[in-house]
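The values are calculated or read from the model by the stated rules, or taken from the named source; none is laboratory data. This is a predicted model, so every value here is computed, not measured. Note: ideal-geometry Cβ built from the backbone for every residue, glycine included; neighbour counts use all protein chains shown. We work out accessible area using only protein heavy atoms, side chains counted, and drop any ligands, DNA or RNA first. Shrake-Rupley method; radii C 1.70, N 1.55, O 1.52, S 1.80 Å.
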Amino acid sequence: MEKLDKTIDFFEKWLIYICFALCLVTLSLGIVTRYVFMRPLSWPDELSTYLFIFMSFLGASASVRNNSELRVDALYEKFPQWRFGLDIFMHLVRLIAAVLFIVTGFQFVLVEWEFMNVSPNLEIPIPLVFAMLPLFGILLILRTIIRLQQLFRGE
């Protein structure tokens, strides 16, 4: 399980770096063409939006690994003896959310596949864009299972 965790971590980090670099380059290109050459391009905005969404999903998955996801610690502070139970509950809720991402994301992909829509400027198949949802759900399930295993081992 540790090897899987390190492999996922490696790919997440590099994909986040690549997405960030591509966002930076495409947005800079869009700014230069718009304000320097007075010939705005439409595709950099669309590409950077898709890259940013993908990067956000990867970052959310990485935050589970580092136990740094956004949460309210009021119950942890009020009832410190319930910490283990609250952690289990939080992970179970995340698993349910991940399953919903997979199921609904897969349904979106199937619907879009049927219509075979493409994005307006880049003409990227929309099913490919919606495929980010089930992929994120799978990553979230893997990360949560790894965190649950670490929680039961006391790490």
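Scan the range 45-76 for residues that are open to solvent by less than 70 Å² (accessible area, probe 1.4 Å), touching a Lys or Arg at 6+ places or on another chain (Cβ under 9 Å) and either among the charged types (D, E, K, R) or over 22 Å from Leu133 (Cβ atoms) (or both) and jot them down.
Matches in the range 45-76: Asn67, Glu69, Tyr76.
Any idea which of (1) loosely packed, with under 12 Cβ neighbours inside 10 Å; (2) touching a residue at least 24 places away in the same chain (Cβ under 8 Å) is the one Phe79 doesn't satisfy?
Exception for Phe79: condition (2).
Applying the selection to the range 92-136, what residues are under 19 Å from Asp45 (Cα atoms), in a helix (DSSP H, G or I), touching a residue at least 12 places away in the same chain (Cβ under 8 Å) and open to solvent by 60 Å² or more (accessible area, probe 1.4 Å)?
Hit for the range 92-136 is Phe130, nothing else.
Just need a number here: residues in the range 47-101 that are hydroxyl-bearing (Ser, Thr, Tyr) and in contact with an Asp or Glu (Cβ under 8 Å, 6 or more places away or on another chain).
Looking only at that region, the number is 2.
Tell me whether the range 10-32 contains one or more residues that are assigned to a helix (DSSP H, G or I), charged (D, E, K, R) and over 13 Å from the mean Cα position of the chain (by Cα). Spell out how you get there, then give the answer.
Looking only at the range 10-32, we keep the residues that are assigned to a helix (DSSP H, G or I), and these are 10-32.
So of that shortlist, the ones also charged (D, E, K, R) come out as 12-13.
If we keep only those that are over 13 Å from the mean Cα position of the chain (by Cα) as well, we get none.
Within the range 10-32, not a single residue is assigned to a helix (DSSP H, G or I), charged (D, E, K, R) and over 13 Å from the mean Cα position of the chain (by Cα).
Scan the range 1-16 for residues that are open to solvent by less than 100 Å² (accessible area, probe 1.4 Å), of a type in the set (A, V, I, L, M, F, W, C) and more than 10 Å from Ile146 (Cβ to Cβ) and jot them down.
The answer is Leu15, Ile16.
Can you name the number of the only condition in (1) touching a residue at least 40 places away in the same chain (Cβ under 8 Å); (2) farther than 26 Å from Glu46 by Cα; (3) surrounded by fewer than 16 Cβ atoms within 10 Å (Cβ to Cβ) that Phe89 fails?
Exception for Phe89: condition (1).
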